[in-house]
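Okay, structure first, notes after.
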Amino acid sequence: MVESILKQDLVDAINTFETPKFMVTKDSEGEPNVVPVLSWTVYEANTLVYGDFMTYKTKHNLINGNIQFSILVFTTDLDSWLIKSKFESYHRNDDIYEFIAQTPLFRYNQYTNARGAGVAEAIWASQKYGISKLTVLSSFLKAKLASRQVQTHETKEGNMPLNVFKRMSQMAAVKVIAYISEDGYPVAFPEFGMVPVSSNRIVMKRREEKRRGYSLVDGSRVAIALVTLEPAAFQLKGTFREINESTGFIELDRVYTCSLPKPGARVDLPMLTPNI
């Protein structure tokens with residue numbers, strides 16, 4: 001009998017379509033990539049499957065041999081788990097593909113069709129981490145206060161458009177940060193203690209990082225998934241800079257949209273090639 005990596009409360013969260021899930025991959029240069037992928041679900045035991053749809057950069061990373069990836073499951077009740085996984089392959093025109101085609105995102109939506117069913121094996125899952133609404137408020141206010149510690153600096157790339165800046169400034173926006181951990185796996189965690197200092201710098205309180213046993217170091221490449229209720233989703237990439245053990249900031253150099261009509265388009269510099 002195969003030992004179950006996924007506890008029942010995590011399985012229930014994954015199998016709930018509305019539960020936000022973030023897929024974290026890396027490219028061959030160690031650049032992290034994190035995007036919302038709601039279609040992840042449990043196929044059987046520790047086998048997971050998702051419907052490939054609007055995941056250009058994610059798919060590119062996987063099919064180029066970077067099969068170590070993670071899934072951050074983050075419920076609307078602010079409970080979260082991280083699942084480290086190994087990608088196996090994409091399926092088409094078989095039982096696994098038909099399984100994902102019958103899930104709510106694809107079965108009842110005439111505008112979306114899965115290009116393939118991505119299959120992975122979960123190899124490790126974290127404990128459940130809860131975040132209270134009071135903690136969300138406290139982290140947000142502490143980040144606002146910490147913004148005075150970050151100097152501004154003008155750049156040509158990595159500047160958030162006003163609509164992204166405003167969303168990044170919202171306390172209720174979901175902000176997930178990803179980086180490559182010491183074991184080579186790309187990992188992610190939610191951090192409500194992030195606010196923009198300028199169009200290209202974001203201050204970050206390090207509560208969830210430290211609480212979960214992660215260790216960002218100065219110079220680490222990071223990716224941020226930003227999701228709001230509008231709905232709208234963006235990915236921001238940059239370099240982490242340490243101020244002290246409790247505070248850091250991110251120097252942005254790329255901003256992408258994750259939403260239709262042009263998922264993967266850079267919005268800090270318009271009309272560039274999709275890369276998400």
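A few notes on this one:
- Only protein heavy atoms count here; on that basis, with a 1.4 Å probe, residue 147 has an accessible area of about 40 Å².
- Accessible surface of region 1-96, 1.4 Å probe, proportion on carbon and sulfur as whole %: 49 percent
- Relative contact order %, region 169-276, counting alpha carbon pairs below 8 Å whose residues are six or more apart: 21 percent
- Nearest 10 degrees, 0 to 90: helix 133-146 Cα axis against the chain principal axis: 40 degrees
- Candidates 152, 47, 239, ranked by Gaussian network fluctuation over the chain, Cα under 10 Å, top entry: 152
- Highest average first, the peptides 195-201, 259-265 ordered by how many other beta carbon atoms sit within 10 Å of their residues are 195-201, 259-265.
- Cα-Cα over 29 Å, subset of 57/133; 128/237; 7/237; 26/133: 57/133; 7/237; 26/133
- Measure of compaction for the chain (Cα Rg per 2.2 N^0.38 Å): 0.96
- The residues of the chain expose, per residue, 47 Å² of accessible area to a 1.4 Å probe.
- Over the chain: helical MRE at 222 nm, DSSP H runs n ≥ 4 each giving -39500 (n - 2.57), nearest 500: -5000 deg cm²/dmol
- GluC sites (Glu not before Pro) within region 21-128: DSSP coil, no more than 13 neighbouring Cβ in 10 Å: 29
- Computed from phi, the 3J(HN,Hα) profile of region 74-89 under the Karplus parametrisation 6.51, -1.76, 1.60 (θ = phi - 60°) reads 9, 7, 5, 8, 6, 8, 8, 9, 10, 10, 8, 9, 10, 6, 9, 5 Hz, with x in place of Gly and Pro.
- Among 254, 207, the sequence by solvent-accessible area, most first, with a 1.4 Å probe is 207, 254.
- Whole-angstrom gap from region 158-185 to region 203-242, using each part's C-alpha centre: 5 Å
The values are calculated or read from the model by the stated rules, or taken from the named source; none is laboratory data. Predicted model, so just to flag it, every value in this text is computed and none were measured. Glycine also receives a Cβ, built like all others from the backbone with ideal geometry; neighbour counts cover every protein chain displayed. Ligands, DNA and RNA are stripped out before the accessible areas are found, and what is left, the full protein with its side chains, is counted by its heavy atoms. Shrake-Rupley method; radii C 1.70, N 1.55, O 1.52, S 1.80 Å.
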